[in-house]
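Here is the structure we will look at, set down as structure tokens.
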Amino acid sequence: MLLPVLGAVAALSGDEFETEPINYTKSAPQDRVTQLQGQIDRGQVTLKRSGLPGYLVSVLQQLQIPVSSQVLVFSKTSFQRDYISPRTPRALYFNDDTYVGWVQGGEVLEFSTADPQLGAVFYVLRQEPAAKPKFERQTYECLSCHSSTLTRGVPGHTVRSVFPGRDGQPALAAGTFVTSDESPMEERWGGWYVTGTHGQQRHMGNVTVKDAAQAETLDRSTGANATDLRRWFDASPYLTKHSDIVALMVLEHQTSVQNLITRANQETRKALHYEQALNRELGRGPDFRSDSTLSRVRSVGDPLVRGLLFAKEAPLTAPVAGTSGFSREFAARGPWDKQRRSLRDFDLRTRLFKYPCSYLVYSKAFDGLPPLAKEYVYTRLGQVLRGEDTSAEFARLSPADRKAALEILMATKPDFAAFQAQPATGPPSPG
């Protein structure tokens, strides 16, 4: 619902999430939007409505989402698609866990937020004036796309790249791409506007195609290195004139790793729930751990470790620079070690971040991992960053990369540091 998704996808049955231990729709979310609604209901916060954006500016302020995060998508890939076109793109704004969508003339603002236990939870906020506006939770309509093969089988998010026609309608016959930090740049941002410089690298942003048959000859140079969107549409109704390339790159990384975190959380909980029932049936103690359960934890923990460490990140071949100030604001949030290093520090010359470990280790979703899953992830992170794991999948991490990332984690993530100080008797080893 929030991020552009469409096309032939394998939607999962709602039953996957409606039974123990997930209970997706029956469980009360514990996310930013729910917390804001509570403040509104108690009279602690008043949302202000202003002109064309409606509640947008006030909501962004309350959710602590920077305006500099604005990215613009003009493909008709939202449930408000009738309002979207290359001349009236949809604006998305985000922070580490919450996303807001706004379209010109739209009846609602769209929200999605990463709940620590449920994964992505979706809401709309009607734009008409109200004394106490209500965020309305959305479930099955959104999950038809947002709990599919596109999201690794969990309630989540995805960023999609399409071949958009001149009216914004995707040429689905030409194919689409789910994009992350692992995607080559030439597959990214079809149907999106992109502001920023990137040298000789090319992407699919800022351009349209006549029809699906023309897609293979898409002229990516037409939209390259754009720092001004005025040639394509009037940006004055939007909060900024940018659709920052660095914000887009962070968005792709973040949505992908958030899905990995949700998958590790929910699959571990399912495994433990099943094992508890089996232990009771077989008369085993409640703390018994079977090889099957440990194997299921490894199967979701290893992809998360690879995602956190950018193991398959597509390299940059030229420097990248944004236009909106997003890079500066994002990096200014820390935390830092004593050498003033942070996992939010950008590189933007050969890769996205200077230190190859994701800032999402600080997220509430990561902290909400079941202990068994977190212990496994912490074990593997320690093994890789100390250089004990020299396997090919982490070969791109230099000794200096590993050392710096480990030192930053030890200084800024107290429970990680405490775990690494324990005797090596923790969760299962890889394999």
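Determine which member of the set Arg402, Arg349, Arg341 is within 27 Å of Ala264 (Cα to Cα) and in the same structural domain as Lys270 (by TED's automatic domain parsing). Outline the logic, then answer.
Values: Arg349 fails: within 27 Å of Ala264 (Cα to Cα); Arg341 fails: within 27 Å of Ala264 (Cα to Cα).
Selected residue: Arg402, the only one of Arg402, Arg349, Arg341 that is within 27 Å of Ala264 (Cα to Cα) and in the same structural domain as Lys270 (by TED's automatic domain parsing).
Of all residues in region 68-89, those satisfying the criterion of being out of contact with any helix residue (DSSP H, G or I) (no Cβ under 6 Å at 6 or more places or on another chain) and not in a loop (DSSP other than H, G, I, E, B) are Leu72, Val73, Arg81, Asp82, Tyr83, Ser85, Thr88.
For region 101-117, the candidate set comprises residues that are touching a residue at least 60 places away in the same chain (Cβ under 8 Å) and not polar (S, T, N, Q); within that set, the residue that is surrounded by the most Cβ atoms within 10 Å (Cβ to Cβ) is Ala114.
From the set of residues in region 199-216 that are surrounded by fewer than 20 Cβ atoms within 10 Å (Cβ to Cβ) and part of a loop (DSSP other than H, G, I, E, B), which is modelled with the lowest pLDDT? Here the answer is Asp211.
How many residues are assigned to a strand (DSSP E or B) and more than 23 Å from Ser327 (Cβ to Cβ) if we restrict to region 91-118? Explain how you work it out, then say what you get.
Taking region 91-118 as the starting set, the residues that turn out to be assigned to a strand (DSSP E or B) are 91-94, 98-102, 108-115.
Subset that is more than 23 Å from Ser327 (Cβ to Cβ): 108-113, 115.
Selection size over region 91-118: 7.
When region 239-266 is filtered for residues that are part of a helix (DSSP H, G or I) and farther than 19 Å from Gly156 by Cβ, the ones remaining, listed by number, are Ile245, Val246, Ala247.
Taking the condition of being within 27 Å of the chain's Cα centre (by Cα), part of a loop (DSSP other than H, G, I, E, B) and either on the phi < 0 side of the Ramachandran plot or exposed (fewer than 11 other Cβ atoms within 10 Å of the Cβ) (or both), how many residues in region 217-236 meet it? If you could, list the steps in order and put the result at the bottom.
Of region 217-236, the ones within 27 Å of the chain's Cα centre (by Cα) are 220, 223-229, 235.
Checking which are part of a loop (DSSP other than H, G, I, E, B) leaves us with 224-229, 235.
Within this subset, residues satisfying the condition of being either on the phi < 0 side of the Ramachandran plot or exposed (fewer than 11 other Cβ atoms within 10 Å of the Cβ) (or both) are 224, 226-229, 235.
Of the residues in region 217-236, 6 are within 27 Å of the chain's Cα centre (by Cα), part of a loop (DSSP other than H, G, I, E, B) and either on the phi < 0 side of the Ramachandran plot or exposed (fewer than 11 other Cβ atoms within 10 Å of the Cβ) (or both).
Note on region 56-79: among residues that are of a type in the set (Ser, Thr, Tyr) and surrounded by 23 or more Cβ atoms within 10 Å (Cβ to Cβ), the one that is modelled with the highest pLDDT is Ser69.
If we scan region 261-274, do we find a residue that is over 21 Å from Asp367 (Cβ atoms), modelled with pLDDT under 95 and not assigned by TED's automatic domain parsing to the domain that holds Asn23? Yes, the conditions are met somewhere in region 261-274. Among the residues of region 85-143, the ones that are under 23 Å from Lys241 (Cβ atoms) and among the basic types (Lys, Arg) come to 2 in all.
The values are calculated or read from the model by the stated rules, or taken from the named source; none is laboratory data. It should be emphasised that the depicted structure is a prediction, and the values quoted were computed from it without experimental measurement. Glycine gets a Cβ as well: all are built from the backbone with ideal geometry, and neighbour counts include every protein chain shown.
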